[in-house]
Amino acid sequence: MRNWLFVCSRNRLRSPTAESMFSELPGTETASAGTSPDADNPLTGELIEWADTIFVMERVHRTRVQRRFRRYLGGKRVICLDIPDEYACMDPALMALLTKRMARFV
């Protein structure tokens, strides 16, 4: 079983979309969280520890994860998908971009 964590700022649009899209992959568990204090599901050390791979939407998210949760990372991969905050939740354009950016991991 592989555990994938998707991270954006407020956990309202991009990361929940990714969590939903990839939740049905065989052998994969997904979760999502946000780096902002007002995120719907704030990122925690426990989520970082749970994840095998962490996918962030922007470079700023990778920087925040690496700075705030360094002690929980333990050499885990933090992969930036370079997806800007310009999509609605489950937006077909966002879903197409996520499919493209995640293709090598699926």
Task: Residue under evaluation Thr99, criteria (1) open to solvent by less than 70 Å² (accessible area, probe 1.4 Å); (2) among the polar types (S, T, N, Q); (3) within 16 Å of Arg14 (Cβ to Cβ), criterion not met - done: (1)
Task: All positions within segment 62-86 that are in contact with a helix residue (DSSP H, G or I) (Cβ under 9 Å, 6 or more places away or on another chain), assigned to a helix (DSSP H, G or I) and open to solvent by less than 80 Å² (accessible area, probe 1.4 Å) - done: Val65, Gln66, Tyr72, Leu73
Open item on the list: For segment 22-39, give me the residue count where each residue is open to solvent by 50 Å² or more (accessible area, probe 1.4 Å) and either of a type in the set (A, V, I, L, M, F, W, C) or in contact with a Lys or Arg (Cβ under 7 Å, 6 or more places away or on another chain) (or both).
Closed with: 1
TODO: Return yes when Gly34 is of a type outside the set (Ser, Thr, Tyr) and over 14 Å from the mean Cα position of the chain (by Cα) and no when it is not.
DONE: no
Open item on the list: All but one of (1) open to solvent by 50 Å² or more (accessible area, probe 1.4 Å); (2) hydrophobic (A, V, I, L, M, F, W, C); (3) on the phi < 0 side of the Ramachandran plot; (4) not in a helix (DSSP H, G or I) hold for Phe6; state the number of the condition that does not hold.
Closed with: (1)
- [ ] From (1) under 20 Å from Met1 (Cα atoms); (2) over 14 Å from the mean Cα position of the chain (by Cα); (3) hydrophobic (A, V, I, L, M, F, W, C), pick out the condition that doesn't hold for Ala88.
- [x] (1)
- [ ] Go through Glu29, Glu58 for me and flag whichever is touching a residue at least 40 places away in the same chain (Cβ under 8 Å) and closer than 20 Å to Lys100 by Cα.
- [x] Glu58
Open item on the list: Whether any residue in segment 42-56 is in a strand (DSSP E or B) and touching a Phe, Trp or Tyr at 6+ places or on another chain (Cβ under 7 Å) is what I want to check.
Closed with: yes
Task: Failed item in (1) farther than 17 Å from Arg101 by Cα; (2) surrounded by 17 or more Cβ atoms within 10 Å (Cβ to Cβ), with Ser15 passing the rest - done: (1)
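The values are calculated or read from the model by the stated rules, or taken from the named source; none is laboratory data. What you see is a predicted model; the values in this text were computed from it and never measured. Heads up, the Cβs are rebuilt from the backbone with ideal geometry, glycines too, and the neighbour counts pull from every protein chain shown. The area values use the complete protein model at the heavy-atom level, side chains included, leaving out ligands, DNA and RNA. Shrake-Rupley method; radii C 1.70, N 1.55, O 1.52, S 1.80 Å.
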